[in-house]
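Presented below is the structure to which this report refers.
No lab work stands behind these numbers, since they all come straight from the coordinates. Just so you know, these numbers come straight off a predicted model, no measurement behind them. Methodologically, a virtual Cβ is constructed for each residue, glycine included, from the backbone with ideal geometry; neighbour enumeration extends over all protein chains shown.
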Amino acid sequence: MRLIAHRGFAAINPENTIGAVRSAAAVADAVEFDVRRCGSGELVVVHDETVDRVTDGTGAVADLGLTELRSLSVLDSGESIPTLAEMLAALPADVEVNLEMKARGIAADVLAALEGVENRVVTTSFLESELRAVRELDPEQPTGLLASRHLENPVTTAVEFDCDVVGANYWRCLFTPLPDRANAVDLEIHAWSIQRPIVARLLARRGVDCVSADRPLWPSPSADL
């Protein structure tokens, strides 16, 4: 069972910051962060459409330029919203990255940013348009479908998009045939968001490969559950 640090362990670190993912990389097998485009065109690492919740500023990320974003403090940490390039450069090369594409029309620029990056990066999204675009532009790039609760057949959809990974809420992985169906077609399966190690153990027995959490669930990577 592998552990993914959701937004760099958002419960104990200022989410989606360079400091958070560096800290999380010491105890997680993979780090997860969110990417969207800001008003001046750069790809930046931030979850919400606006900066209101996570910074001392206000406004839509898509309307704010990079200079404005750099002036904001994430959750009073003194760290600013990083660019995708800055985040990738800050990571140890042996840590896997789960990069969630949060906005439409960014797939090509995400792939350009990944050129030369040594880490294994899985480009994930709820957005079918972005998964299709990645696959059309780079047949070798690992991709992952994130299944919303409204998506009735996530495994079928993931196979249709030629994904490597399917991700779903942990309850869906526990109480539906999703893990069995994913394993039958050799899809890696990720479950989010886990709060307790006992749930991770149950998911491991169900055939789940990775769990995503907002805090460390065990002291070392790749725990034997």
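Quick notes
- Scalar couplings 3J(HN,Hα) for region 13-19, obtained by applying the Karplus form with A = 6.51, B = -1.76, C = 1.60 to θ = phi - 60°, are 10, x, 4, 6, 9, 4, x Hz; x denotes Gly and Pro.
- Here region 32-146 carries DSSP beta bridges of which approximately 35% are antiparallel, counting only pairs with both residues inside.
- Integer Hz, Karplus 6.51/-1.76/1.60 couplings in order for region 103-114, x for Gly and Pro: 9, 7, x, 10, 4, 4, 6, 4, 4, 4, 5, 7
- Table column - 3J(HN,Hα) (Hz), region 140-148, Karplus curve with 6.51, -1.76, 1.60, x for Gly and Pro: 8, 6, x, 10, x, 7, 9, 8, 6
- Inter-centroid distance (Cα atoms) of region 33-98 relative to region 125-198, Å: 25 Å
- When only Cα pairs below 8 angstrom with a gap of at least 6 residues are kept, region 1-150 shows a relative contact order of 19 percent.
- Theoretical FRET efficiency, 1/(1+(r/R0)^6), r = Cβ-Cβ of A112 and R201, R0 41 Å, to 0.05: 0.55
- Amide H contacts of A103 (H built 1.01 Å from N, under 5 Å, at least 5 apart or other chain): none
- Using C-alpha pairs under 8 Å with a sequence gap of at least 6, the mean separation divided by the residue count of region 76-130 gives a relative contact order of 44 percent.
- Nearest-ten-degree value, helix 128-137 long axis tilted from longest Cα axis of the chain: 90 degrees
- Rounded to the nearest 500, the helix-only mean residue ellipticity at 222 nm of the chain stands at -7500 deg cm²/dmol, with each DSSP H run of n ≥ 4 adding -39,500 (n - 2.57).
- Using all pairs of distinct alpha-carbon atoms, the Kirkwood hydrodynamic radius of region 74-164 works out to 14.2 angstrom.
- Where labels lie 7 Å past Cα in the beta-carbon direction, separation of L137 and W171 in nm: 3.6 nm
- When you restrict to C-alpha pairs under 8 Å that are six or more residues apart and normalise by the size of region 69-182, the relative contact order lands at 17 percent.
- Rg [Å, one decimal], Dmax [Å, integer] - the chain, C-alpha atoms: 16.8, 49
- L64 long-range amide H proximity, modeled H, under 5 Å: G39
- For L72, the residues whose amide H sits under 5 Å from its own are I81, ignoring neighbours fewer than 5 places away on the same chain, with H placed 1.01 Å from N.
- Taking the DSSP bridge list for the chain and keeping only pairs wholly inside it, about 15 percent are antiparallel.
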